[in-house]
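Notes to accompany the following structure.
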Protein chains: 4
Amino acid sequence: MSIAVVTGNPKPGSRTLAAATLVAEKIAGGPPDVVVDIVELGAGLLGWGDPAVNAAIESVQKCDVVVVASPTFKSTFTGLLKLFLDQVPTDGLAGVVAVPLMLGAGPGHALAPELFLKPVLVEAGATCPTKALFVLDTTYDDPTAYEPWLTTALPQIQAAVGTPAA
Amino acid sequence: MSIAVVTGNPKPGSRTLAAATLVAEKIAGGPPDVVVDIVELGAGLLGWGDPAVNAAIESVQKCDVVVVASPTFKSTFTGLLKLFLDQVPTDGLAGVVAVPLMLGAGPGHALAPELFLKPVLVEAGATCPTKALFVLDTTYDDPTAYEPWLTTALPQIQAAVGTPAA
Amino acid sequence: MSIAVVTGNPKPGSRTLAAATLVAEKIAGGPPDVVVDIVELGAGLLGWGDPAVNAAIESVQKCDVVVVASPTFKSTFTGLLKLFLDQVPTDGLAGVVAVPLMLGAGPGHALAPELFLKPVLVEAGATCPTKALFVLDTTYDDPTAYEPWLTTALPQIQAAVGTPAA
Amino acid sequence: MSIAVVTGNPKPGSRTLAAATLVAEKIAGGPPDVVVDIVELGAGLLGWGDPAVNAAIESVQKCDVVVVASPTFKSTFTGLLKLFLDQVPTDGLAGVVAVPLMLGAGPGHALAPELFLKPVLVEAGATCPTKALFVLDTTYDDPTAYEPWLTTALPQIQAAVGTPAA
């Protein structure tokens with residue numbers, strides 16, 4: 001199973017990236033094959049056809065699974081993440097299993113990944129078989145914070161990519 | 001593959017029921033194993049512990065797949081459907097693949113099944129691997145209205161129930 | 001200013017009703033003019049044209065403001081509340097200022113009144129000038145739990161009903 | 001009444017801008033006092049503290065009303081618009097009446113401004129008393145496309161800014 005991580009935190013090397021990488025490792029049993037820390041793509045995100053942006057999108061499209069992650073800004077995912085998703089072609093994530101992940105400072109925005117981020121990934125053609133995942137900033141590096149979700153989500157992801165559950 | 005249909009139209013034998021049955025037949029290759037036309041459960045829906053309501057819920061829980069369908073009232077699914085879903089136990093749809101389906105008089109509410117109905121089914125523990133389906137009232141009995149959705153959704157559903165795609 | 005309270009808790013005389021009444025008193029400076037504890041309308045809610053249901057709707061339509069309240073079931077408002085709202089005529093809340101209020105056991109569903117309940121009230125024609133209000137079950141009778149919301153919401157409501165702010 | 005227009009279309013001088021300007025003129029009875037065509041702010045949007053971005057935000061905050069407009073990308077507003085909104089301080093739109101406006105190629109995304117854009121503006125502290133507005137690309141310059149919405153929305157906006165309705 002090949003897996004990508006896409007993170008839309010304006011700060012490079014963020015806790016968002018760490019959390020998404022942790023989730024990807026739990027899913028795939030090893031480090032992600034592709035990591036797109038969107039902020040590193042820079043001003044090319046503001047136009048169309050930037051080669052680095054296109055290459056990043058294509059590398060994600062080739063993976064079986066992508067973890068798409070963002071901090072919570074103004075109750076939803078960041079503009080930075082959406083800038084990247086806006087450049088994905090119509091149905092560009094068809095055949096890819098996507099996992100929506102958001103980090104937040106408090107539990108009050110826990111519905112945001114399910115209600116805001118998942119619909120965008122579905123619109124882009126992705127298969128989203130799991131409940132969206134919301135994690136508190138303060139527990140982003142605590143593997144137990146992910147356990148209940150993983151118990152349910154791992155078999156859903158494995159079925160969706162055609163891999164028999166362990 | 002066993003499949004159920006649950007419909008929340010206040011009119012028995014509605015177009016909503018016909019549409020959900022059509023979708024179920026396309027998914028399972030035959031008539032649904034379980035049909036719950038919620039309105040027929042009557043006033044037992046307003047309390048807790050009604051035997052007929054409980055039996056209906058249990059019959060759905062035993063199926064691999066359920067098509068959950070509603071007309072669009074006030075931009076979202078009906079109170080009648082939600083009355084039934086409110087009685088499903090916590091995580092009561094775990095292990096069931098659910099397909100959200102809404103019918104509407106016009107295309108303006110096409111996002112409603114994705115944004116309103118799917119999150120409730122996910123909260124009830126169901127696996128929802130497909131895009132939610134919105135169908136116009138006027139084309140509810142036209143199989144071609146379902147084709148584009150079915151092309152993408154059938155393999156997603158088959159993978160989620162562990163059945164190899166045809 | 002005339003004010004109504006509409007609550008969709010399956011238990012009569014619930015904390016939901018108490019919370020909605022408290023909010024109404026803070027808004028209007030006295031007890032609500034109209035109280036609709038929907039569960040008391042009984043099986044008439046399942047059909048169309050029930051005289052008691054119609055009278056309840058008309059009494060709400062005559063008020064300047066209505067607080068519409070529900071507990072959180074399966075991440076959104078109850079089927080009981082929606083049964084009642086489904087019977088409101090098209091644009092039936094035009095000219096009424098509506099305040100969406102939901103109670104929940106934990107903060108994880110705090111976005112539900114804004115994302116699920118407010119859009120239904122807007123679709124019914126109501127003016128919803130405030131942020132939707134989410135209150136924890138455990139603090140439903142603690143006036144301080146409502147203070148931050150009230151500070152912002154009261155002038156918004158007063159402006160919307162054409163009453164000069166105090 | 002002072003009014004601002006903020007548009008998040010990656011193409012400068014877009015139909016989105018024209019539509020938002022038309023709405024602003026209908027609301028205020030004259031041209032907008034402030035126009036922020038976000039794409040013109042350029043790469044400063046990708047960091048924090050850019051003087052031109054800050055000046056744009058402050059100019060909006062000083063207005064009574066702001067029309068916030070976007071085309072529909074991947075079923076919701078653009079990353080470009082969200083980049084700008086992400087830079088608005090906490091409660092930075094308190095005291096400002098905001099009108100969410102989205103343009104789309106077809107009616108299927110008509111719920112997007114109500115369900116995706118309005119909640120972000122509310123989270124930023126704005127007062128959003130009207131139904132969100134969705135307009136088809138093809139009718140963006142046809143004043144009759146705005147009439148039904150304006151009939152209801154104008155008095156709601158005027159009340160919210162403390163101006164007596166005409």
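The values are calculated or read from the model by the stated rules, or taken from the named source; none is laboratory data. These numbers come from a predicted model, not from an experiment. Note: ideal-geometry Cβ built from the backbone for every residue, glycine included; neighbour counts use all protein chains shown. Just so you know, the surface numbers come from the protein's heavy atoms only, side chains and all, with ligands and any DNA or RNA stripped out. Shrake-Rupley method; radii C 1.70, N 1.55, O 1.52, S 1.80 Å.
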Exercise. Restricting to the stretch A:120-166, what's the tally of residues that are open to solvent by 20 Å² or more (accessible area, probe 1.4 Å) and under 25 Å from A:Gln87 (Cβ atoms)?
Worked result: 3
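Which members of the stretch D:96-122 meet the condition of being under 19 Å from D:Thr151 (Cα atoms) and more than 8 Å from every other protein chain (Cβ to nearest Cβ)?
D:Val97, D:Ala98, D:Val99, D:Pro100, D:Leu101, D:Met102, D:Pro113
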Exercise. How many of the residues in the stretch C:97-111 are surrounded by fewer than 24 Cβ atoms within 10 Å (Cβ to Cβ) and within 15 Å of the chain's Cα centre (by Cα)?
Worked result: 1
Exercise. What number goes with the only condition from (1) more than 14 Å from chain D (Cβ to nearest Cβ); (2) over 22 Å from B:Asn54 (Cα atoms); (3) at pLDDT 95 or above that B:Asp141 does not pass?
Worked result: (3)
Seminar exercise, completed: Reported set for the stretch A:1-45 where residues are touching a Leu at 6+ places or on another chain (Cβ under 6 Å) and outside any helix (DSSP H, G or I) is A:Thr7, A:Gly8, A:Pro10, A:Asp37
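Tell me which residues, restricted to the stretch B:116-128, are within 23 Å of D:Pro107 (Cβ to Cβ) and in contact (Cβ under 8 Å) with a residue 12 or more places away in the chain. Let's see the steps before the verdict.
Taking the stretch B:116-128 as the starting set, the residues that turn out to be within 23 Å of D:Pro107 (Cβ to Cβ) are B:116-119.
Hits for the stretch B:116-128 are B:Phe116, B:Leu117, B:Lys118.
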Seminar exercise, completed: Note on the stretch D:96-124: residues in contact with a Gly (Cβ under 6 Å, 6 or more places away or on another chain) and not aliphatic (A, V, I, L, M) are D:Pro107
Exercise. Which residue pairs have Cβ atoms closer than 7 Å, lie 6 or more positions apart in sequence or on different chains, and pair a first residue in the stretch C:70-95 that is touching a residue at least 60 places away in the same chain (Cβ under 8 Å) and more than 9 Å from chain B (Cβ to nearest Cβ) with a second residue that is aromatic (Phe, Trp, Tyr) and surrounded by 22 or more Cβ atoms within 10 Å (Cβ to Cβ)?
Worked result: C:Ser70/C:Phe77
Exercise. If you check C:Leu85 against the conditions, is it of a type in the set (A, V, I, L, M), over 21 Å from C:Ala145 (Cα atoms) and in contact with a strand residue (DSSP E or B) (Cβ under 7 Å, 6 or more places away or on another chain)?
Worked result: no
Problem set entry | Candidate set from the stretch B:123-138 (those that are of a type outside the set (S, T, N, Q) and away from chain A (no Cβ under 11 Å)); member that is farthest from A:Pro113 (Cα to Cα) | B:Asp137
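For the stretch B:31-40, name all the residues that are more than 12 Å from chain C (Cβ to nearest Cβ) and either in contact (Cβ under 8 Å) with a residue 12 or more places away in the chain or open to solvent by less than 20 Å² (accessible area, probe 1.4 Å) (or both). Quick ask: steps written out before the conclusion?
If we filter the stretch B:31-40 for residues that are more than 12 Å from chain C (Cβ to nearest Cβ), which is where we start, we get B:31-37.
Those that are more than 12 Å from chain C (Cβ to nearest Cβ) and either in contact (Cβ under 8 Å) with a residue 12 or more places away in the chain or open to solvent by less than 20 Å² (accessible area, probe 1.4 Å) (or both): B:Pro32, B:Asp33, B:Val34, B:Val35, B:Val36, B:Asp37.
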For this session: Of the numbered conditions (1) of a type in the set (A, V, I, L, M); (2) in contact with a helix residue (DSSP H, G or I) (Cβ under 8 Å, 6 or more places away or on another chain); (3) in contact (Cβ under 8 Å) with a residue 60 or more places away in the chain, A:Met102 fails exactly one; give the number of that condition.
Result: (3)
For this session: Could you identify the single residue in B:Ala18, B:Ala43 that is open to solvent by 30 Å² or more (accessible area, probe 1.4 Å) and over 21 Å from B:Asp141 (Cβ atoms)?
Result: B:Ala43
